[in-house]
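Undergrad: Sharing a structure here in structure tokens format.
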Amino acid sequence: MKSIAVIGGGITGITTAYALVRRGFRVTVFERHRYAAMETSFANGGQLSASNAEVWNHWSTVLKGLKWMLRQDAPLLVNPRPSWHKISWFAEFLAAIPRYEANTIATARLAIAARTPLLAWAEEEGIEFDLRQEGILHIYRDRAGFEHAGRVSKLLGAGGLERHPVTPQEMRSIEPTLAGAYFGGYYTRSDATGDIHQFTTGLAAAAQRRGATILQGCEVDQVQSTGAQAHVTMRCDGAAQRSSFDGLVICAGTASRALAAQLGDRVNIYPVKGYSITVRLDDASSQAGAPTVSLLDDETKLVTSRLGTDRFRVAGTAEFNGFNRDIRADRIRPLVDWVEQCFPAVNTRQIVPWAGLRPMMPNLMPRVGRGRSPCVFYNTGHGHLGWTLSAITAQQIGGIVEETLDNRSSFAKVALSPT
Ligand SMILES: Cc1cc2nc3c(=O)[nH]c(=O)nc-3n(C[C@H](O)[C@H](O)[C@H](O)COP(=O)(O)OP(=O)(O)OC[C@H]3O[C@@H](n4cnc5c(N)ncnc54)[C@H](O)[C@@H]3O)c2cc1C
């Protein structure tokens, strides 16, 4: 049985561990927090959204971003202080603009393919995660936004996604609680929502039942590879330890870039901060007044999920401000205002604010594959779609690890056999 270390116990690390343990590997996950899914996989937007597969590498995003830089409550905020990390990331972001169409189509394909394994694993392992399969409705207040969505729809269609335009009247029948005047919408019936934290902790328990070891409270300080073995140096509850494995998969979210650098690989992930609020729906009128269909407001870049009967999650905004995790009141306020405008019957007295760092690659495509060393692998950099894509990229990396290590064993056997 080959041994694999997985670094990171967020959605990508736990799905990777689960996929590997199902393929018969001896898996050890290292997670620095006491529990799984305590960083970006804690309180995200909840959308399992092939309909949000459009990558951001488009000149219209750049123009909007420049306009928004002057507004404190804008969906995008860039700290103008330069850093090599930020400059190199933006340069690569611009360089990926010619791949906008191809990458959007590829992401849509991945997101659709991810649905089957994710739902099958949840079913097989009995994981409750407030799954809701009522579709996602994109809403537009003006013609320009709606027409851009039409062009995006064609690309999503090329990736296999069925989504159709809806009139304001149809929007009201899809989600009757939504207030306000709209130009139109796009509805994707096949998309879904669910609680990423509940799913990840449930799948972590399932992986353990199947034999994986999950070491929580263990921070990995150093990773090395000889080509035949990977070495991991970590501190578990304060005590330093070193272990060796046949393979190593980096799934460390925004920390993946620094770990990759130790291994001689360049994985230019930038931490793109986002915020969410979870509104407690404690009274009957709030429960009736909050939507059950998931929404994506393209103008404000906010997404929503109804989690069970008594939680309503609203998430969004993108902030380029390094590893800063502060929850800023002036960034949370627009989310609360949005709920009050769109869902006036919802009581916003009790909200739980949260901030997380999206591990984002400049071309918005996850890094899934081998590193420079034959026993190093990556499944990381899923940006704004880590929840949506997690199950399929875990399956992909499982296949790549298996194939690589099998080839290595057969090569070693051939090399050892007498001539
Ligand atoms: C506001 C917001 C809304 C979002 N909404 C959606 C959505 O609706 N749909 C969607 O698909 N995606 C969404 N996302 C994106 C999604 O949440 C992320 O892509 C995903 O959670 C990233 O998972 P991860 O496993 O890569 O990273 P993480 O969840 O951050 O996991 C990485 C783990 O690695 C651990 N780690 C790091 N370094 C070390 C080390 N040295 N030693 C040990 N452990 C280490 C960390 O502690 C962490 O637990 C959203 C993100 C944000 C911020």
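The values are calculated or read from the model by the stated rules, or taken from the named source; none is laboratory data. Everything numeric here is computed off the predicted structure, so don't read it as measured data. Cβ: placed from backbone, ideal geometry, glycine included. Neighbour counts: every protein chain shown. Note: accessible area is taken over every heavy atom of the protein model, side chains too, but ligands, DNA and RNA are not part of it. Shrake-Rupley method; radii C 1.70, N 1.55, O 1.52, S 1.80 Å.
Undergrad: For region 389-419, name all the residues that are at pLDDT below 95 and either part of a loop (DSSP other than H, G, I, E, B) or under 25 Å from the mean Cα position of the chain (by Cα) (or both).
TA: 417, 418, 419
Undergrad: Could you grab the pairs with beta carbons closer than 6 Å, sequence gap of 6+ or different chains, first residue in region 369-394 and among the polar types (S, T, N, Q), second one assigned to a loop (DSSP other than H, G, I, E, B)?
TA: From region 369-394, the pairs are 373/227; 379/251; 380/251; 388/49; 393/366.
Undergrad: Considering region 117-144 alone, what residues qualify as being surrounded by fewer than 19 Cβ atoms within 10 Å (Cβ to Cβ) and in a helix (DSSP H, G or I)?
TA: 117, 119, 120, 123, 124, 125, 143, 144
Undergrad: Name the residues in region 228-246 that are buried (at least 19 other Cβ atoms within 10 Å of the Cβ) and either of a type in the set (A, V, I, L, M, F, W, C) or near the ligand (Cβ under 10 Å from one of its atoms) (or both), would you?
TA: 230, 232, 234, 245
Undergrad: Considering 50, 74, which residue is within 16 Å of the ligand (Cβ to nearest atom) and buried (at least 23 other Cβ atoms within 10 Å of the Cβ)?
TA: Testing whether each residue is within 16 Å of the ligand (Cβ to nearest atom) and buried (at least 23 other Cβ atoms within 10 Å of the Cβ) leaves just 50.
Undergrad: Could I ask something else about it? If you go through region 47-64 one residue at a time, do you hit one that is closer than 17 Å to residue 319 by Cβ, in contact with a Ser or Thr (Cβ under 8 Å, 6 or more places away or on another chain) and among the hydroxyl-bearing types (Ser, Thr, Tyr)?
TA: Checking region 47-64: not a single residue is closer than 17 Å to residue 319 by Cβ, in contact with a Ser or Thr (Cβ under 8 Å, 6 or more places away or on another chain) and among the hydroxyl-bearing types (Ser, Thr, Tyr).
Undergrad: Quick one: would you say residue 325 is within 11 Å of the ligand (Cβ to nearest atom), open to solvent by 20 Å² or more (accessible area, probe 1.4 Å) and either closer than 30 Å to residue 109 by Cβ or at pLDDT 95 or above (or both)?
TA: Yes: the conditions hold for residue 325.
Undergrad: Search region 331-388 for residues being within 21 Å of residue 402 (Cβ to Cβ) and part of a loop (DSSP other than H, G, I, E, B), and hand back the single one that is nearest to the ligand (Cβ to nearest atom).
TA: 366
Undergrad: Can you name the condition, by its number, that residue 222 falls short on among (1) touching a helix residue (DSSP H, G or I) at 6+ places or on another chain (Cβ under 8 Å); (2) open to solvent by 50 Å² or more (accessible area, probe 1.4 Å); (3) more than 15 Å from the ligand (Cβ to nearest atom)?
TA: With (1) touching a helix residue (DSSP H, G or I) at 6+ places or on another chain (Cβ under 8 Å); (2) open to solvent by 50 Å² or more (accessible area, probe 1.4 Å); (3) more than 15 Å from the ligand (Cβ to nearest atom) applied to residue 222, the lone miss is (3).
Undergrad: Being closer than 30 Å to residue 104 by Cα, in contact with a Gly (Cβ under 6 Å, 6 or more places away or on another chain), among the charged types (D, E, K, R) and loosely packed, with under 14 Cβ neighbours inside 10 Å is true for just one of 358, 313, 372, 367. Which residue is that?
TA: So the residue among 358, 313, 372, 367 that is closer than 30 Å to residue 104 by Cα, in contact with a Gly (Cβ under 6 Å, 6 or more places away or on another chain), among the charged types (D, E, K, R) and loosely packed, with under 14 Cβ neighbours inside 10 Å is 372.
Undergrad: On the basis of being in a helix (DSSP H, G or I), in contact with a Ser or Thr (Cβ under 8 Å, 6 or more places away or on another chain) and under 18 Å from residue 367 (Cα atoms), does residue 114 make the cut?
TA: Spelling it out, residue 114 is indeed in a helix (DSSP H, G or I), in contact with a Ser or Thr (Cβ under 8 Å, 6 or more places away or on another chain) and under 18 Å from residue 367 (Cα atoms).
Undergrad: Here's another thing I want to ask about it. Name the residue, out of 249, 303, 293, 272, that is within 20 Å of residue 40 (Cβ to Cβ), more than 11 Å from the ligand (Cβ to nearest atom), among the hydrophobic types (A, V, I, L, M, F, W, C) and touching a strand residue (DSSP E or B) at 6+ places or on another chain (Cβ under 6 Å).
TA: 249
Undergrad: Continuing with the same structure: Looking at (1) away from the ligand (no atom under 13 Å from the Cβ); (2) open to solvent by 20 Å² or more (accessible area, probe 1.4 Å); (3) outside any helix (DSSP H, G or I); (4) β-branched (Val, Ile, Thr), can you tell me which one residue 40 breaks?
TA: Failing condition for residue 40: (1).
Undergrad: Limited to region 146-183, what total is found for residues that are aromatic (Phe, Trp, Tyr) and in contact with a Phe, Trp or Tyr (Cβ under 6 Å, 6 or more places away or on another chain)?
TA: So the answer is 2.
Undergrad: Looking at region 233-262, I want the residues that are under 18 Å from residue 322 (Cβ atoms) and have a partner that is of a type in the set (Ser, Thr, Tyr) and open to solvent by 30 Å² or more (accessible area, probe 1.4 Å) with Cβ atoms under 7 Å, at least 6 apart or on another chain. Which pairs are those?
TA: Going by the 7 Å Cβ cut-off, the qualifying pairs are 253/40.
Undergrad: If the Cβ limit is 7 Å and pairs must be 6+ apart or interchain, which residue in region 193-210 that is under 16 Å from residue 132 (Cα atoms) pairs with which residue that is open to solvent by 20 Å² or more (accessible area, probe 1.4 Å) and of a type in the set (Phe, Trp, Tyr)?
TA: That search, which allows pairs on different chains as well, returns 197/42.
Undergrad: Restricted to region 166-184, and to residues that are among the small types (Gly, Ala, Ser) and outside any loop (DSSP other than H, G, I, E, B), which residue is farthest from the chain's Cα centre (by Cα)?
TA: Kept after step one, since they are among the small types (Gly, Ala, Ser), are these residues of region 166-184: 173, 179-181, 184.
Now narrow it down to the ones that are outside any loop (DSSP other than H, G, I, E, B): 173, 184.
Numbers: 173: 30, 184: 27 Å.
Within region 166-184, the match that is farthest from the chain's Cα centre (by Cα) is 173.
Undergrad: I've got another one for you. State whether the residues of region 11-30 include one that is away from the ligand (no atom under 16 Å from the Cβ), out of contact with any helix residue (DSSP H, G or I) (no Cβ under 8 Å at 6 or more places or on another chain) and outside any helix (DSSP H, G or I).
TA: So far as region 11-30 goes, yes, one or more of its residues are away from the ligand (no atom under 16 Å from the Cβ), out of contact with any helix residue (DSSP H, G or I) (no Cβ under 8 Å at 6 or more places or on another chain) and outside any helix (DSSP H, G or I).
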